[in-house]
Structures are given as C-alpha cells and as structure tokens.
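**Q** For reference, the structure I am asking about is given below.
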Amino acid sequence: METENNWETLHTEDVYENAWIRVEHRDVITPGGHPGIYGVVSFKNKAIGIVPIDEEGNTYLVGQYRYPLKEYSWEIPEGGGPLGEDPLDTARRELKEETGLRAERWEKIGRIHTSNSVTDEEGFIYLARGLSQHELEPEETEALQVRKLPLGEAVEMVMRSEITDSISMCGILMVARMMGI
C-alpha cells in the first residue's frame, strides 16, 4: 500500500485571499506522470463542531440560511477557531454564542477533513454535557434559530438528508453510536 506523496508541485500561485480563506493555483505532475493543475482552498481557521447532550438525551441544532448554498441549514453548533487557538476554547465560545449553553464536561470525539479533495481544512468535534442555559451571543452575521430535540430525531434528520453539513453529520452519528442509538 502506497502512502507517500506521489504528486510533484511545479509552481504555486496565490489566486485569491481574504480574512477566512486563501485560494492557490498549482501546476503539478500527477501520480500518473502527466502535467496537470490543482486548486487548493486553505482556511485560516479550524472547523469546530459541538454536539451538546442534556440529561434527557436531547441535543440542540442551530438553523440558519447558508449563503453559498442558497438554502436554510440545520447544524450542530459550530464555528471557526483561529489556527493558534486551542480548539476546546473555540468550542466553548461557539456553544455559548450560538445556543446560550455552557457545558461542565467536554470530550473531543473526532477529527475530520471537511472536503479533502479541494481543501486542507481540519475540523474537530466535541461532545458537551452538563449543560446550563444562558443568554445567546450571536455574531452580527448570524440570524439563528435554536431547536432542542431528541438525539434520535437528529439522527433521522441526517438519514433523510435534512442535515447535510458534514461536521454536523459526523458529530451526530458519532455521538449516537457512542450512546447506543
């Protein structure tokens, strides 16, 4: 089994950059030995997702309109954490901002690559327990709805493709498996 890099990068050019992403155009030699091109999107944050579970086995989803998709999306609480920040600190902040919840107990349950054919974005998923309700603190770009529901219902939403966000799907299914659902 081959696990080494069998691509050769000949030239890299930054095509676009803003506060959140950088897009590169790369001239490459493919694993088959032929010239080719590759576009890579690098994120300036890590993706952080949180599956909050209360004492009754409920979770919380956040709904918002996602501009790139041109559709409404139900997701676990999530956000971006600066590359130098501890992902757990980001998780705590995002859970409070988006749901008003604070958690006493945290467990990192997964690491994902959100779309590894075009981006190097890395994500982390946390399970949050021991929840207490406080005020929401949404960012100015967020118009959020919060929905409390049984974890099993969230699993069914994933299975019906009503939840399509990759970090949400992974987090919900991982926690459901951990809980025997």
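**Q** Being of a type outside the set (Val, Ile, Thr) and either in contact with a helix residue (DSSP H, G or I) (Cβ under 8 Å, 6 or more places away or on another chain) or closer than 16 Å to residue 102 by Cα (or both) is the requirement here; does residue 68 meet it? Working first, answer last.
**A** Values: of a type outside the set (Val, Ile, Thr): yes; either in contact with a helix residue (DSSP H, G or I) (Cβ under 8 Å, 6 or more places away or on another chain) or closer than 16 Å to residue 102 by Cα (or both): no.
The answer is no for residue 68.
**Q** Further question on the same structure: If you go through the range 51-78, how many residues are buried (at least 16 other Cβ atoms within 10 Å of the Cβ) and small (Gly, Ala, Ser)?
**A** 1
**Q** For residue 17, state whether it is within 28 Å of the chain's Cα centre (by Cα), outside the structural domain of residue 99 (by TED's automatic domain parsing) and of a type outside the set (Val, Ile, Thr). Talk me through it step by step, then tell me what you get.
**A** Working: within 28 Å of the chain's Cα centre (by Cα): yes; outside the structural domain of residue 99 (by TED's automatic domain parsing): yes; of a type outside the set (Val, Ile, Thr): yes.
Yes: the conditions hold for residue 17.
**Q** Any idea which of 46, 108 is surrounded by 12 or more Cβ atoms within 10 Å (Cβ to Cβ) and closer than 18 Å to residue 172 by Cβ?
**A** Numbers: 46 fails: closer than 18 Å to residue 172 by Cβ.
Just a single option satisfies the conditions, and that option is 108.
**Q** Would you tally the residues in the range 140-156 being assigned to a loop (DSSP other than H, G, I, E, B) and within 17 Å of the chain's Cα centre (by Cα)? Even if it seems obvious, please write down each step before you answer.
**A** Our first condition is that a residue be assigned to a loop (DSSP other than H, G, I, E, B); within the range 140-156, this holds for 140-144.
Now drop any that are not within 17 Å of the chain's Cα centre (by Cα), which leaves 142, 144.
So the count comes out to 2.
Table: residues versus (1) among the hydrophobic types (A, V, I, L, M, F, W, C); (2) assigned by TED's automatic domain parsing to the domain that holds residue 150.
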site	(1), (2)
38	no, no
51	yes, yes
61	yes, yes
64	no, yes
77	no, yes
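**Q** If you go through the range 131-148 one residue at a time, do you hit one that is surrounded by 17 or more Cβ atoms within 10 Å (Cβ to Cβ) and modelled with pLDDT of 95 or more?
**A** Within the range 131-148, one or more residues are surrounded by 17 or more Cβ atoms within 10 Å (Cβ to Cβ) and modelled with pLDDT of 95 or more.
**Q** Looking at the range 157-175, which of its residues are assigned to a helix (DSSP H, G or I), out of contact with any strand residue (DSSP E or B) (no Cβ under 8 Å at 6 or more places or on another chain) and surrounded by fewer than 19 Cβ atoms within 10 Å (Cβ to Cβ)? Lay out the reasoning, then the answer.
**A** Residues of the range 157-175 that are assigned to a helix (DSSP H, G or I), as a first pass: 157-159, 166-175.
Next, only the ones that are out of contact with any strand residue (DSSP E or B) (no Cβ under 8 Å at 6 or more places or on another chain) stay: 158-159, 169, 173.
Of everything in the range 157-175, those that are assigned to a helix (DSSP H, G or I), out of contact with any strand residue (DSSP E or B) (no Cβ under 8 Å at 6 or more places or on another chain) and surrounded by fewer than 19 Cβ atoms within 10 Å (Cβ to Cβ) turn out to be 159, 173.
One line per residue, one yes/no per condition, for (1) of a type outside the set (Val, Ile, Thr); (2) farther than 12 Å from residue 53 by Cβ:
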{"position": "103", "(1), (2)": "yes, no"}
{"position": "110", "(1), (2)": "yes, yes"}
{"position": "130", "(1), (2)": "yes, no"}
{"position": "155", "(1), (2)": "no, yes"}
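**Q** Considering only strands (runs of 3 or more DSSP E) fully contained in the range 1-70, which possess at least 1 residues that are closer than 29 Å to residue 85 by Cβ and among the acidic types (Asp, Glu)? First the steps, then the outcome.
**A** Working: elements: 8-17, 21-29, 35-43, 45-52, 58-66.
The qualifying strands (runs of 3 or more DSSP E) are 8-17, 21-29.
**Q** If we keep just the residues of the range 87-138 that are part of a strand (DSSP E or B) and charged (D, E, K, R), which is nearest to residue 149 (Cα to Cα)? Walk me through how you get there before you give the answer.
**A** Applying the first criterion (part of a strand (DSSP E or B)) to the range 87-138 yields 101-113, 119, 122-133.
Those left that are additionally charged (D, E, K, R): 102, 104-105, 107-108, 111, 122, 129.
Values: 102: 17, 104: 20, 105: 20, 107: 21, 108: 22, 111: 25, 122: 28, 129: 15 Å.
Here the residue is 129.
**Q** Determine whether residue 120 is assigned by TED's automatic domain parsing to the domain that holds residue 52, of a type outside the set (Ser, Thr, Tyr) and at pLDDT 95 or above.
**A** On the way: assigned by TED's automatic domain parsing to the domain that holds residue 52: yes; of a type outside the set (Ser, Thr, Tyr): yes; at pLDDT 95 or above: no.
Taking the combined requirement at face value, the residue does not satisfy it.
**Q** On the given criteria, is residue 22 within 17 Å of residue 119 (Cβ to Cβ) and at pLDDT below 95?
**A** Values: within 17 Å of residue 119 (Cβ to Cβ): yes; at pLDDT below 95: no.
In short, no.
**Q** Same structure again: Looking at (1) in contact (Cβ under 8 Å) with a residue 60 or more places away in the chain; (2) surrounded by 19 or more Cβ atoms within 10 Å (Cβ to Cβ), which is the one condition that is false for residue 114?
**A** Tallying (1) in contact (Cβ under 8 Å) with a residue 60 or more places away in the chain; (2) surrounded by 19 or more Cβ atoms within 10 Å (Cβ to Cβ), residue 114 fails exactly one: (2).
**Q** Say we look at the range 36-62 and pick out the residues that are touching a Pro at 6+ places or on another chain (Cβ under 8 Å) and of a type in the set (S, T, N, Q); which of these is modelled with the lowest pLDDT?
**A** Looking at the filtered set, the residue picked out is 45.
The values are calculated or read from the model by the stated rules, or taken from the named source; none is laboratory data. Small disclaimer: the values here were computed from a predicted structure and weren't measured. Methodologically, a virtual Cβ is constructed for each residue, glycine included, from the backbone with ideal geometry; neighbour enumeration extends over all protein chains shown.
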